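Peer 1: Quick one: the structure is below, and I'll ask about it shortly.
Please treat every number below as a calculation from the coordinates, not as lab data. Note that the structure is predicted; figures quoted are calculated from it, not measured. So basically every Cβ, Gly included, is an ideal-geometry build from the backbone, and we count neighbours across all protein chains shown.
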Amino acid sequence: MGETVKIGRCLIQTDLHYLVDDHCWVRFNDDGTLTVGITDVAQHMAGPVLHVYVRKKGLRQKGQNLATIESGKWVGPLKAPVSGEIVEANEALEKDPGLVNRSPYGEGWVVRLKALKLEQEREALLTGAAAVEAYRRKIEQQSLKACAEVAACESG
Amino acid sequence: MKQDPEGKKVLVIQTHGVETPRRTYSPLFYAMAAAAMDMEVVVWFTMDGTSQLKKGEAEKIKLDPRSDVTLQTMLERAKEEGIKLRVCQQSMTLFDMTEENLFDGVEIMGAATIIELALGSDLVMNF
């Protein structure tokens with residue numbers, strides 16, 4: 001079981017794996033599938049999420065769209081962190097997209113994937129202290145106000 | 001039944017520019033939504049829409065005074081998402097624009113090309 005690290009007001013769970021540039025997290029499940037969602041940093045940057053359009057099935061190559069997430073000030077994709085088949089979509093997000101804000105690593109998960117090329121692609125995923133450090137750097141480098149607020153919270 | 005949006009071609013035509021800031025944001029937002037859904041998106045700036053692509057203009061347009069996001073931020077984000085930005089050659093003359101003072105990454109095209117683009121698109125959105 002990992003720990004939860006705070007960067008500013010944002011939480012990073014060290015037992016998860018991350019593609020920091022895509023603000024995406026991955027959980028390796030016991031049944032061999034991967035659960036994927038957006039990070040707490042991403043939901044802070046986006047603000048209250050209004051719609052989540054989730055793909056319900058199909059094969060996705062790494063980088064292809066798994067879902068489209070829309071807030072009042074931002075719209076963007078959740079990109080596939082690895083290639084795989086969508087085996088389950090979180091249909092609760094259709095009725096309650098705010099789950100992404102309230103519980104980004106829990107009830108706000110987006111899809112479950114059966115990975116196709118995990119051996120080749122998992123190297124890009126960061127976990128533990130490396131993920132925390134990469135996210136800390138990412139936040140520092142961001143020039144958007146939302147990110148600055150996140151970084152500012154660290155000292156506050 | 002919902003259609004699979006992936007691979008569909010979307011053409012967004014923007015005819016509003018710096019003189020009407022409130023009309024500049026939404027077309028780019030729609031374009032980014034389409035790109036996020038793995039669609040191929042072109043934004044075509046013509047008539048007054050051309051003015052926002054003159055270097056230095058978009059950075060002056062801030063839509064929300066509480067935010068640091070300017071129109072330039074939106075245009076840069078659009079490019080990052082793979083959205084193609086195209087401008088009408090004939091409209092550029094209205095604003096004393098040349099290749100030299102054009103926003104980076106924007107391709108200049110003529111009227112015939114836009115007609116061709118529109119014919120080949122699954123969706124054309126006019127603003």
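Peer 1: Given the options A:V75, A:G98, A:I38, identify the residue whose Cα lies farthest towards the positive end of the charge dipole of the range A:1-100 (+1 on Cβ of Lys, Arg; -1 on Cβ of Asp, Glu).
Peer 2: Checking the options against the dipole of the range A:1-100, the answer is A:V75.
Peer 1: Let me ask you something else. If one takes the longest principal axis of the Cα atoms in chain A, at what angle in degrees, from 0 to 90 and to the nearest 10, does the Cα axis of helix A:145-155 lie?
Peer 2: Taking Cα atoms only, the helix is inclined about 70 degrees.
Peer 1: What full-extension length gain, to one decimal in nm, is calculated for A:E107 and A:L59 as 0.36 nm per residue of separation minus the Cα-Cα distance?
Peer 2: Fully extending the segment from A:E107 to A:L59 adds 14.9 nm.
Peer 1: Taking the Cα atoms only, what angle lies between the long axis of helix A:128-141 and the longest principal axis of chain A, rounded to 10 degrees?
Peer 2: 60
Peer 1: List the equivalent ellipsoid semi-axes of the protein assembly as shown in whole Å, largest first, each obtained as the square root of 5λ for an eigenvalue λ of the Cα gyration tensor.
Peer 2: Each semi-axis is √(5λ); the values are 36, 23, 15 Å.
Peer 1: Of all beta bridges DSSP finds with both residues in the protein assembly as shown, what is the antiparallel percent, to the nearest 5?
Peer 2: In the protein assembly as shown, approximately 70 percent of DSSP beta bridges are antiparallel ones.
Peer 1: Among the DSSP beta bridges whose two residues both lie in chain B, what percent are antiparallel, rounded to the nearest 5? Working shown, then result.
Peer 2: Values: 2 of 19 bridges.
That works out to approximately 10 percent antiparallel.
Peer 1: What shape does chain B have by the C-alpha gyration tensor, where a ≥ b ≥ c are the square roots of the eigenvalues, rounded means a/c under 1.5, and otherwise prolate means a/b greater than b/c and oblate the rest? Walk me through the numbers before you get to the answer.
Peer 2: Details: a/c = 1.95, a/b = 1.22, b/c = 1.60.
Cα axes put chain B in the oblate bin.
Peer 1: Using the crude model of +1 on Lys and Arg Cβ and -1 on Asp and Glu Cβ, and no other charge, please compute the dipole size for the protein assembly as shown relative to its Cα centre, in debye to 20.
Peer 2: About 380 debye.
Peer 1: In debye to the nearest 20, how big a dipole does chain A give about its Cα centre with +1 on each Lys and Arg Cβ and -1 on each Asp and Glu Cβ?
Peer 2: 380
Peer 1: For a quick check of your reading of the filter: which trypsin sites (Lys or Arg not before Pro) in the range B:20-108 sit in a DSSP loop and have no more than 15 other Cβ atoms within 10 Å? Don't jump to the answer; show the numbers that get you there.
Peer 2: Working: sites: B:R22, B:R23, B:K54, B:K55, B:K60, B:K62, B:R66, B:R77, B:K79, B:K84, B:R86; in loops: B:K55, B:R66.
Answer by residue number: B:K55, B:R66.
Peer 1: Also, quick follow-up: Output the Cα-based Rg and Dmax of chain A in Å, rounding Rg to one decimal and Dmax to a whole number.
Peer 2: According to the Cα coordinates of chain A, Rg and Dmax are 14.6, 44 Å.
Peer 1: When only C-alpha pairs under 8 Å and at least 6 residues apart count, what is the relative contact order of chain A, in percent?
Peer 2: 28
Peer 1: Leaving out same-chain residues fewer than 8 places away, which lysines sit with a Cα under 28 Å from that of A:K95?
Peer 2: A:K56, A:K57, A:K62, A:K73, A:K79, A:K114, B:K2, B:K8
Peer 1: At a threshold of 8 angstrom on Cα-Cα distance, excluding pairs fewer than six apart, so keeping six or more, what relative contact order does chain B reach in percent?
Peer 2: Relative contact order for chain B comes out at 33 percent.
Peer 1: Would you be so kind as to identify all helices of chain B, as entire DSSP H runs, whose Cα atoms reach 15 Å or more along the helix's own axis and whose mean Kyte-Doolittle hydropathy is at least -0.5?
Peer 2: Membrane-span-like by this rule: B:25-36.
Peer 1: Taking GluC sites (Glu not before Pro) as candidate sites, keep only those in a DSSP loop with at most 15 other Cβ atoms within 10 Å, then name the longest stretch of chain A containing none of them.
Peer 2: A:4-90
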